[in-house]
Amino acid sequence: MESRKLVFPLLSLFVFSLLSGQGSGRRHVDYRFNSRPTKLFVFGDSYVDTGNIKASTSSSRNFPYGITFPGVPSGRFSDGRVLTDFFANYLELKSPETFSGWRKGGRKGPKYGMNFAFGGTGVFDTSFPFPNMTTQIDFFQGLVANNIFAPKHVGSSVALVSPSGNDYSFYQERNGSIEGLQPFIISVVNQIAVNLKRIHSLGVKKIVVLGLGPVGCLPQPTANSSFKHCNATSNSMAKVHNLLLKQAVEKLNKETKGSPFIIFDVYNAILSIIRNKGNPKARVRFETPLKPCCFGVSSEFSCGSVDEKGNKMYTLCTRPKSTLFWDSVHPTQQGWFATFSSLASSLKYHL
């Protein structure tokens, strides 16, 4: 994921109209698996990528990434485990093999599923030269068509889908207008809905999709306030995205037998951690939740940066476990643990 400061002064009326159209809630229906899922398929970006990007130019392949787990850079955009790892553990599975790793080895279908996510990517193309979500699903479809994953295995699987904001970062990079933002958000959410429906059509029984987190609380936009205050205007964009996503998923569930689509409310999970300086139920404490563990010595540098002489140009905290955020946009392993501990309750009646 990559985030930039977003300003949305024209969205308040749109947010109000969406809120006023919300119903009183749907009746809960239990559509759990008869047995635990046997495979996990992952699509999206750096919040769930466990090593698909092999290039050394990726920060995830350079020190100090991976210092907590596995001890060396592994391609995860954190000091250790990311959301995929905690979700797989919840399902009592090992984290699935990466598509890049499997393709290089040319083996049969991996036992625990497959991770197709690439850091920096979006629902649409971004500035990063990696497969967008449509192409990631194309990879999956090809494996299903070639019986690398048999229908019975796909039918007992879960998908984790993470569209966590790179489309909006790229919109800013292209100097997208304020007036064009609202229709762009709609197009992003509509494409997410198309992707979810397509994954389900390939045989996946349950699909968990991430809502957008509080992007205005990421270290990148809070650096201007010395990591003390979230950017409310940026968070307003996330609220619009999440309201539209909620409506889209409710519509999909009404149209699809078994209500297979589930939203992870990342926004409120992380916001609660920030406000409470941790997650008391998970016994996690973050004294300065907005301040990252690893960040560049100036705006020109980032976590892991070195100069032409190889000198490190970043500051690294002594205890990553004590911080919610690892770098300018990604949580630490402990941050993901605290976040998933909150999100897991939404799976109670579904998986």
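Results, tabulated for the structure shown:
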item: Principal axis dimensions, region 298-351 - Cα atoms, whole angstrom, descending; result: 54, 19, 16
item: Sorted largest first, extent of region 130-171 alpha carbons per principal axis (Å); result: 39, 18, 10
item: Probe 1.4 Å, accessible area per residue of the chain, Å²; result: 45 Å²
item: Region 44-108: Cα Rg divided by the 2.2 N^0.38 Å rule of thumb; result: 1.09
item: Lys/Arg +1, Asp/Glu -1 at C-beta; region 74-225 dipole; positive extreme among PHE77, LEU196, PRO129; result: LEU196
item: Mean shadow area of region 97-185 over all directions, Cα convex hull, nm²; result: 6.7 nm²
item: Potential lengthening between ALA232 and LYS277 on full extension [0.36 nm per residue; Cα-Cα distance subtracted]; result: 14.3 nm
item: Charge dipole (region 171-234, unit charges on Cβ, about Cα centre) - positive-most of ASN224, PHE184, LEU212; result: LEU212
item: THR135-LYS111 pseudo-label distance in nm [points 7 Å out on the Cα-to-Cβ vector]; result: 3.2 nm
item: Net dipole in debye of region 89-234 [+1 Lys, Arg Cβ; -1 Asp, Glu Cβ; about Cα centre; nearest 20]; result: 720 debye
item: Dipole moment magnitude, nearest 20 debye, region 285-330 about Cα centre, only Lys, Arg, Asp, Glu C-beta charged; result: 300 debye
item: Three semi-axes of the equivalent ellipsoid, region 229-292, Cα gyration tensor, whole Å, largest first; result: 30, 17, 6
item: Sulfur and carbon atoms: percent of accessible area, the chain [1.4 Å]; result: 52 percent
item: Net dipole in debye of the chain [+1 Lys, Arg Cβ; -1 Asp, Glu Cβ; about Cα centre; nearest 20]; result: 1260 debye
item: Long-range Cα-Cα pairs in the chain (distance over 31 Å), rounded percent; result: 30 percent
item: For the chain, calculated [θ]222 nm from helices alone, where every DSSP H run of n ≥ 4 adds -39500 (n - 2.57); result: -10500 deg cm²/dmol
item: Alpha-carbon Rg/Rh ratio, for region 150-235, with Rh computed the Kirkwood way; result: 1.11
item: Intensity falloff of region 258-351 expressed as log10 I(q)/I(0), Debye formula with alpha-carbon point scatterers, at q = 0.13, 0.23, 0.24 Å⁻¹; result: -0.52, -1.06, -1.12
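The values are calculated or read from the model by the stated rules, or taken from the named source; none is laboratory data. Given the structure is predicted, the values throughout are model-derived calculations rather than measurements. Cβ: placed from backbone, ideal geometry, glycine included. Neighbour counts: every protein chain shown. Surface areas here come from the heavy atoms of the whole protein model, side chains and all, with no ligands, DNA or RNA. Shrake-Rupley method; radii C 1.70, N 1.55, O 1.52, S 1.80 Å.
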